[in-house]
Amino acid sequence: MQDYQSVRDQSVKICSSLEIEDYIVQPHDFVSPPKWHLGHTTWYFETFCLREFFKSEPFNPHYHFLFNSYYESQGEHVPQGRRGVCSRPTVSEVLAYRRHIDGRMREAESMIATRDPESRETWRNVVEVGIHHEQQHQELLYMDIKHILSHQREQPALAGAPNDSATETAARTWREFRAGVFETGWSEPGFAYDSERPRHRVFLEDFRIREGLVSNAEFHEFIEDGGYQRPELWLADGWAWVKASAIRAPLYWTAPGKQYSLQGEREIDPGSAVAHVSCFEADAFARWKKCRLPTEAEWEAAFGEEPCAQLWQWTNSAYLPYPGYKPFPGALMEYNGKFMSGQMVLRGGCLATPEGHYRSTYRNFFYPHMRWMFSGVRLCDS
Ligand SMILES: [Fe+2]
């Protein structure tokens, strides 16, 4: 398990070069203000650790409403799209909340040692989910801060951010696999989310999968070939989205040859992997290439031994429970299972994924039109 305090400190560090005004802005419903992330990750430990195990009094009675994300078992919460309306509590008050809860968590760690073994085990599991939850929000912080800063006229950089303006693409060679039974999902001891379990068998037909991700140059060819104007390349929902949102290029392609990155505005590097495409765009591109997206089982069979990647890769697998899925116990049953409707799986990790957070069985998931995550395209073929 990663150290509690070092993970907590990292969230504050990611935001440390922001101006105070940047902490509050919410340009879209799906983007949360950085201040909200800092409060919400703290609310997790206050709610599921301190209040659950020690019946502790709330730090502030309003915070339970303001920083609950979607846990219906915890009562009412501020609607997601209204998080940016809250100018109070202030950023400094939220940072004080973090320090207070961190202090209480240190005290709790020593008190829990006197409890029975079952309570200690439950505590350890809930804290561990909380640490991974905080790391998930660290990646969301990079996504959300990038979106917020991209809306600013001067296109500012985020000091200390990972380099997202030049990623590597490996060769356009293919890995080939013969049909057979493969195992997928998490089986090792150690932490994994409930949605990665249990490990189970899948049968895969012959397939080949490309070593390197699709490059900016390849995606530019797709655009030049009228890719965004050809309905035959698109899923019906994707075509409706392209028309309704007037989509003509990946997100953050701000002007011909230019993109917004966490380093500010940069030239688009033709050799780097294309990023910030939706599942609809990835799917249309693959169809244009006379290929398809991999299933998540194909992806895992091919790249299960590889380290964290630079971009998440869309699969054509819906985010559904594995056979024999059991949600986390208690209130944390709301963590993953209830989102298994209408979303697609991404695999591979990305440059903003915190060290120690990624596993090869990790199932990220988003709605197919979303593209503010660090997402790329990997091609597959039968
Ligand atoms: Fe959360």
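The values are calculated or read from the model by the stated rules, or taken from the named source; none is laboratory data. In this text the structure is predicted, and so the values were computed from the model without any measurement. All Cβ positions, glycine included, derive from the backbone under ideal geometry; neighbour counts span all protein chains shown.
For residues that are in contact (Cβ under 8 Å) with a residue 60 or more places away in the chain and over 22 Å from the mean Cα position of the chain (by Cα), scanning just the range 260-283, find the one that is nearest to Asp144 (Cα to Cα).
Here the answer is Glu265.
I'd like the residue in the range 34-55 that is within 15 Å of the ligand (Cβ to nearest atom) and of a type in the set (D, E, K, R) and, out of all such residues, is farthest from His100 (Cα to Cα).
So, considering only residues that are within 15 Å of the ligand (Cβ to nearest atom) and of a type in the set (D, E, K, R), the one farthest from His100 (Cα to Cα) is Lys35.
Return the total of residues in the range 32-78 being more than 22 Å from Arg120 (Cα to Cα) and aromatic (Phe, Trp, Tyr).
7
Is it the case that Glu121 is more than 16 Å from the ligand (Cβ to nearest atom), among the charged types (D, E, K, R), free of Cβ contacts under 8 Å to residues at least 12 places away in the same chain and part of a loop (DSSP other than H, G, I, E, B)?
It is false that Glu121 is more than 16 Å from the ligand (Cβ to nearest atom), among the charged types (D, E, K, R), free of Cβ contacts under 8 Å to residues at least 12 places away in the same chain and part of a loop (DSSP other than H, G, I, E, B).
Would you check if there is a residue in the range 306-321 being among the aromatic types (Phe, Trp, Tyr), over 18 Å from Trp186 (Cα atoms) and at pLDDT 95 or above?
Within the range 306-321, one or more residues are among the aromatic types (Phe, Trp, Tyr), over 18 Å from Trp186 (Cα atoms) and at pLDDT 95 or above.
Could you please tell me which pairs satisfy a Cβ distance under 7 Å, a separation of 6+ or placement on different chains, a first residue in the range 38-59 that is in contact (Cβ under 8 Å) with a residue 40 or more places away in the chain, and a second residue that is more than 16 Å from the ligand (Cβ to nearest atom) and in a loop (DSSP other than H, G, I, E, B)?
Glu46/Phe59; Leu50/Ser56
Consider Phe59 carefully, then state whether it is of a type in the set (Phe, Trp, Tyr), away from the ligand (no atom under 16 Å from the Cβ) and surrounded by 13 or more Cβ atoms within 10 Å (Cβ to Cβ).
So Phe59 fits the description; yes.
Mind telling me which of the residues Val25, Val31, Val7 ends up being assigned to a loop (DSSP other than H, G, I, E, B) and within 16 Å of the ligand (Cβ to nearest atom)?
Val31
For the range 1-42, what are the residues that are farther than 18 Å from Ser87 by Cβ, buried (at least 21 other Cβ atoms within 10 Å of the Cβ) and of a type in the set (A, V, I, L, M, F, W, C)?
Answer for the range 1-42, where residues must be farther than 18 Å from Ser87 by Cβ, buried (at least 21 other Cβ atoms within 10 Å of the Cβ) and of a type in the set (A, V, I, L, M, F, W, C): Val7, Ile14.
Could you say which residue among Phe203, Phe191, Phe182, Phe207 is out of contact with any Lys or Arg (no Cβ under 6 Å at 6 or more places or on another chain), closer than 30 Å to Tyr325 by Cα, in contact (Cβ under 8 Å) with a residue 12 or more places away in the chain and exposed (fewer than 15 other Cβ atoms within 10 Å of the Cβ)?
Phe203
Mind listing just one residue for me: the one in the range 65-85 that is in contact (Cβ under 8 Å) with a residue 24 or more places away in the chain and assigned to a loop (DSSP other than H, G, I, E, B) and, of those, nearest to the ligand (Cβ to nearest atom)?
Ser69
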